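Everything on this sheet refers to the single structure shown next.
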Amino acid sequence: MKRRKFLQLGAAITFMLLAKEIPAIGTKFERWVWMHPNCDYSDNDWRMQFKYLKELGIRHIHLEVYTGTRVWFRSSTLAEMPCDLLSKILPLAREQGMRVHAWLWVMMNNNPEMLRQHPDWYVVNRLGKSCIEDPPYVKYYRWLCPSKPQVRDYLLGVIKDLEAYPDLAGIHLDYIRFPDVILPVGFQPKYNLVQKTEMPQFDFCYCPTCRDAFKQEHGMDPLHLKEPDKNFAWRKFREDRITDIVNTLVPAIAKQGKLATAAVFPTPEIARKLVRQNWTQWRVQAYFPMMYHPFYHKPVQWLFDATQEGVRQIKSGQKLYAGIYVPAFKPDELKAGLQLIRKAGGAGVAFFDYNALQAHPELADVLKETANREK
Ligand SMILES: [Zn+2]
């Protein structure tokens, strides 16, 4: 064998060995669940929960362990730690054959210390107001600016802290976007809003860093654009900043041999329009679009269209798991919904959330009944 070919083969083998360290996702139609933390469960309580989830055909848990304000693992961040839940749960999950993924809030951060120490890290709207003084919609809607190198380094630090947990199967990125410039249609009445266009108080980020960077690239201040919502370059600039954050975090996750996944808005088109998420450009291994149909005034049938739209646009090797909003289903609709997602090419489904499954035993029964039939 020629030396060059030998070296190429060597590189390929090294890559395969490195790639192999990241836990593979199965080929079966898989069921996942989003779960909020609980510090009160004993070891036996956790064993019981895992047993219950396995009966429902669920093997993967997105466990919420970081919200910016609170953290459930040993961390160097400013966040308050109610308990080191990951240290407790990971050995038990391993024993029970469950895979736990650390679910993190990424760009939304309402930590009082962070707000006090780094007010300049937060997004600013088209009226020049920071989300700190004027958060949109709800008082905790405070978002970091994706253009700041300090924000990127801070987030890399959160990922780095998870290196201490080798049994963690993956890291799940959530709230990785801008605040909603337009709310899902189902939420607008709640805030007495009709949002047909991008209103300035909800349109972020016009902070000095973003304005300067856009000016450097395109020769104009975005604040002076007559119709900023129609300016392709300005929209793309902000989408790309979010993509940059994701594509910076993904290699740091892969280096730990963990799977990188993301919770995203339901379809690529809606995600770009509402929250400037151009998620088909991200290098994660799997997407979890939140296809919460009542939020968009859609019927259950929409799960097929939304899944297909996403599956057609993601890259080869990436997977799409449809996130569904459990309380919105009747038992027969749930059964139909799972079939629609499979038919449309989804790799599986993720249930939002664990508490909703517990609150709806009639839906949990559907899952039990169908658990071993999806191949
Ligand atoms: Zn900014």
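The values are calculated or read from the model by the stated rules, or taken from the named source; none is laboratory data. On a predicted model such as this, the values are computed, not experimentally measured, just so you know. Counting neighbours? That spans all protein chains shown, and the Cβs are built from the backbone with ideal geometry, glycine included. The protein model used for the area step is the full one, side chains on, heavy atoms only, and it has no ligands, DNA or RNA in it. Shrake-Rupley method; radii C 1.70, N 1.55, O 1.52, S 1.80 Å.
Numbers at a glance
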| read-out | value |
| --- | --- |
| Hits in the stretch 41-85 (condition: small (Gly, Ala, Ser) and buried (at least 22 other Cβ atoms within 10 Å of the Cβ)) | Gly68 |
| The one condition in (1) open to solvent by less than 60 Å² (accessible area, probe 1.4 Å); (2) touching a Leu at 6+ places or on another chain (Cβ under 6 Å) that Asp167 fails to fulfil | (1) |
| Check on Lys190, away from the ligand (no atom under 14 Å from the Cβ), open to solvent by 70 Å² or more (accessible area, probe 1.4 Å) and part of a loop (DSSP other than H, G, I, E, B) | no |
| Residue count, the stretch 194-211 (criterion: open to solvent by 70 Å² or more (accessible area, probe 1.4 Å) and within 15 Å of the ligand (Cβ to nearest atom)) | 1 |
| Residue check for Pro184: within 15 Å of the ligand (Cβ to nearest atom), open to solvent by less than 30 Å² (accessible area, probe 1.4 Å), in contact (Cβ under 8 Å) with a residue 40 or more places away in the chain and not in a strand (DSSP E or B) | no |
| The stretch 127-137: number of residues that are more than 12 Å from the ligand (Cβ to nearest atom) and buried (at least 20 other Cβ atoms within 10 Å of the Cβ) | 1 |
| Single residue of the stretch 272-291 satisfying the filter (closer than 22 Å to Phe204 by Cα and of a type in the set (A, V, I, L, M)) that is surrounded by the fewest Cβ atoms within 10 Å (Cβ to Cβ) | Leu274 |
| Selection count where residues are open to solvent by 70 Å² or more (accessible area, probe 1.4 Å), closer than 23 Å to Asp120 by Cα and over 27 Å from the mean Cα position of the chain (by Cα), scope the stretch 212-244 | 6 |
| Of all residues making up the stretch 315-324, the number that are surrounded by fewer than 20 Cβ atoms within 10 Å (Cβ to Cβ) and in contact with a helix residue (DSSP H, G or I) (Cβ under 7 Å, 6 or more places away or on another chain) | 0 |
| Qualifying residue in the stretch 77-88 (condition: in contact with a His (Cβ under 9 Å, 6 or more places away or on another chain) and either part of a helix (DSSP H, G or I) or closer than 21 Å to Asp203 by Cα (or both)) | no |
| Single match in Leu249, Leu223 (criterion: closer than 21 Å to Glu64 by Cα, in contact with a helix residue (DSSP H, G or I) (Cβ under 8 Å, 6 or more places away or on another chain) and among the aliphatic types (A, V, I, L, M)) | Leu249 |
| Residue match in the stretch 245-264 (condition: modelled with pLDDT of 95 or more, within 15 Å of the ligand (Cβ to nearest atom) and open to solvent by less than 30 Å² (accessible area, probe 1.4 Å)) | yes |
| Residue within the stretch 138-148 that is within 16 Å of the ligand (Cβ to nearest atom), of a type in the set (A, V, I, L, M, F, W, C), open to solvent by 60 Å² or more (accessible area, probe 1.4 Å) and assigned to a loop (DSSP other than H, G, I, E, B) present | no |
| Pair list, Cβ < 8 Å and 6+ apart or interchain, from the stretch 109-120 residues that are of a type in the set (A, V, I, L, M, F, W, C) to residues that are open to solvent by less than 30 Å² (accessible area, probe 1.4 Å) and at pLDDT 95 or above | Met114/Gly68; Met114/Trp121; Leu115/Tyr122 |
| Flag if Glu30 is of a type in the set (Asp, Glu) and closer than 29 Å to Gly337 by Cα | yes |
| Matching residues, the stretch 159-180, being out of contact with any Lys or Arg (no Cβ under 7 Å at 6 or more places or on another chain) and either part of a loop (DSSP other than H, G, I, E, B) or within 16 Å of the ligand (Cβ to nearest atom) (or both) | Tyr165, Pro166, Tyr175, Ile176, Pro179, Asp180 |
